[in-house]
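The values are calculated or read from the model by the stated rules, or taken from the named source; none is laboratory data. Note that the structure is predicted; figures quoted are calculated from it, not measured. No Cβ is skipped: glycine too gets one built from the backbone with ideal geometry, and neighbour counts run over all protein chains shown. To get the accessible areas, we keep the full protein, side chains included, count just its heavy atoms, and leave off ligands, DNA and RNA. Shrake-Rupley method; radii C 1.70, N 1.55, O 1.52, S 1.80 Å.
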Amino acid sequence: MAWCMAWPLLAGCTAGPEPRAPQAAAESAPAVLDPDTLLLRAETALAAKRYREAAELYTHAARLTEDETLIAQAAKVAYDFGQMTAVKHITAHWLRLNPTSEAGTRYAAFAALDLYQIDEAVTHFDALLGAAYINAAAGFLGLEPQLSDNGSPAAVTAVLQRLVAKHPDVAEGHRALAQAALRSENIPLAQQSAARARQLSPYWAPAGLLLARMQMVAGETDAGLATARTVVEQDGSPGNRLENALLLLAADREEEGLTELEAYGTTSEDAAAVRERVLALRDLEAGRVDAAAQRFDGLIRKGAFVYESLFFLGGLAEQKESWEEARRNYSRIVSGDYAVQAQTRIARILNQHATLDAALAWLADFADQKPQYAVEMIVARSRLLEESGDVSGARLLLDEGLEAYPDAHDLLLSRSYLLERTDDLRGAVADLETLQASRSDDPVVLNALGYLLVDRTRRHKEGFEFVRQAHEQTPDSGPVLDSMGWALHRLGRDAEALPYLERARERIYDPEIELHIGDVFWALGRKEDARTTWSQGSERHPDEAAFSERLERHFPQ
């Protein structure tokens, strides 16, 4: 995961962290009392790409001075290179010196968000709402894109719930919460918050259009389109007409949607590019690959949606087995939402058509050039090593990554999954319990730990409780719904389990869910339903041996 702050001071990007224990960064720094010497050593470490050491030295230097310029430099380096515990120590000192520092408060807020320390994050973000913006409404509008870019969806939702409770009559806060809840797969909360935003501000178009979208998510298509039409009648600005067009297309009202989209596309060059992007994605979804490719090429020539277009062109080239063309497209994607996927795909092409060493070197070189993606590149390299059969090398890489990035919870998660896959259950559980101790409300961690306990140990009741907590926060998450169903099955509550598993199947496409549904059918005595489920799963996933194993065991020829 990568972080890129929209706020100018925090423009650097970094990989995602988890607090280091037991020593704080500042406590492990050398006992040097000269800030200038520490800064010199920090800069040397930074130049050598020893980011943890650099952050520790900067932290120690910052705590020995009252120079806010130096302290801000220390905070930025620590933040940019994923050392969030160091940021926490630096900003604690900074805010003791200057409790009203907006920059210090921002760094502290986003570091706490990243560390899943919700109470601290709420305190700092609430301070920003009160001091950094003209009012709370402007604050929610300003913070919303920064929050979505820099925190996990569940963490952002948790923070916004608390902030909205402090500012219950601000429509902008409820809209921001609705957006976050939708990303964190909590549709009931998203619907409730969108409705409240519209109630508080009935003529504010963004609230109305979000409510329209949520009504459609709930299956209330006619109501959603009616709400969107009312918004456009109140305010027919181009952006509102675009959203209305997208909703019409989503409702399969193609003629109306395309007419509205065409009208929107005539309003400006930017609007024409947006129209082309929508049409390209529709062509791609419909299998009109040549038309889609032509539109993506056109967008690149216009300098619009370049990385996204390159990514889809790379995928189309892979479908044609034009490996060099795919590499060329992917290699141009060096930042943004598609960067990690693109570089990982290049590595897989190299692994298949060149050598494993070439694939690993590609990812390592990209991390050197773009250190904000270092953690993701470590995870990708580890996975390649594991798939090649070098499990010890994969484990060593993750161990070294955690030494360099002790706050990177993604690395600890990855190591736990690796340990589970190699049947080191004690180690896998220990890593997840370490994460859960520091991120006690993180639904990703709760679900991972709960599922492991339910699936691979006898701690079924304890595992179910962790999964239940994850489900409370993300009730519409496919993986969590699957975990709930499987946990209930392991507890012998099969009639309750089946609806969760069937909802999970509606949300995500995963062969394991099919296996689980078949197992529950079998436990319920619905043997023909089990046979059908496993047979269909075997046809759809011929490489998944578990389907044929189930069929051979329960229905021997």
| task | Could you check, for region 344-355, whether at least one of its residues is touching a residue at least 24 places away in the same chain (Cβ under 8 Å), part of a loop (DSSP other than H, G, I, E, B) and crowded, with 20+ Cβ neighbours inside 10 Å? | result | no
| remark: Within region 388-408, residues out of contact with any Asp or Glu (no Cβ under 8 Å at 6 or more places or on another chain), touching a residue at least 40 places away in the same chain (Cβ under 8 Å) and open to solvent by less than 50 Å² (accessible area, probe 1.4 Å) come out as ALA404, TYR405
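Tell me which residues, restricted to region 284-295, are more than 14 Å from ALA250 (Cα to Cα) and either among the small types (Gly, Ala, Ser) or open to solvent by less than 40 Å² (accessible area, probe 1.4 Å) (or both). Before you say what the answer is, go through the steps one by one.
Narrowing region 284-295 to residues more than 14 Å from ALA250 (Cα to Cα): 284, 287-295.
Of everything in region 284-295, those that are more than 14 Å from ALA250 (Cα to Cα) and either among the small types (Gly, Ala, Ser) or open to solvent by less than 40 Å² (accessible area, probe 1.4 Å) (or both) turn out to be GLY287, ALA291, ALA292, ALA293.
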| said: Quick test of your reading of the structure: ASP482 fulfils all but one of (1) in contact with a helix residue (DSSP H, G or I) (Cβ under 6 Å, 6 or more places away or on another chain); (2) modelled with pLDDT under 95. Name the failing condition by number. | reply: (2)
| request: Could you figure out which of (1) open to solvent by 30 Å² or more (accessible area, probe 1.4 Å); (2) over 27 Å from SER548 (Cα atoms) isn't true of ASP476? | output: (1)
| query | Only one of (1) in contact with a helix residue (DSSP H, G or I) (Cβ under 7 Å, 6 or more places away or on another chain); (2) closer than 20 Å to VAL445 by Cα; (3) open to solvent by less than 40 Å² (accessible area, probe 1.4 Å) is not met by GLU120, so which one is it? | reply | (3)
| query | Within the bounds of region 296-312, is there any residue that is acidic (Asp, Glu), open to solvent by less than 40 Å² (accessible area, probe 1.4 Å) and either at pLDDT 95 or above or closer than 30 Å to LYS370 by Cβ (or both)? | reply | yes
| Number of positions in region 106-117 that are of a type outside the set (A, V, I, L, M) and open to solvent by less than 10 Å² (accessible area, probe 1.4 Å) | 4
| field | Criterion (touching a Gly at 6+ places or on another chain (Cβ under 8 Å), in a helix (DSSP H, G or I), open to solvent by less than 10 Å² (accessible area, probe 1.4 Å) and at pLDDT 95 or above) met by exactly one of LEU411, LEU385, LEU418 | value | LEU411
| query | Identify, please: which residue in region 435-474 is in contact (Cβ under 8 Å) with a residue 40 or more places away in the chain and in a helix (DSSP H, G or I) and is, among those, nearest to the chain's Cα centre (by Cα)? | reply | VAL444
| task | Kindly list, by first and then second residue, each pair from a residue in region 368-383 that is in contact (Cβ under 8 Å) with a residue 40 or more places away in the chain and under 18 Å from ARG348 (Cα atoms) to a residue that is surrounded by fewer than 23 Cβ atoms within 10 Å (Cβ to Cβ) and acidic (Asp, Glu), limited to pairs with Cβ atoms under 7 Å and residues at least 6 apart or on different chains. | result | VAL375/ASP410
| Residue in region 254-280 that is nearest to SER322 (Cα to Cα), counting only those that are open to solvent by 50 Å² or more (accessible area, probe 1.4 Å) and not acidic (Asp, Glu) | ARG277
| request: Please specify each residue of region 213-241 satisfying the condition of being crowded, with 17+ Cβ neighbours inside 10 Å, closer than 16 Å to LEU261 by Cβ and of a type outside the set (S, T, N, Q). | output: LEU225, ALA228, VAL232, ARG241
| field | Pairs where the first residue, in region 311-322, is farther than 15 Å from ALA291 by Cα and the second is open to solvent by 20 Å² or more (accessible area, probe 1.4 Å) and modelled with pLDDT under 95, C-beta under 9 Å, 6+ apart | value | PHE311/ASP337
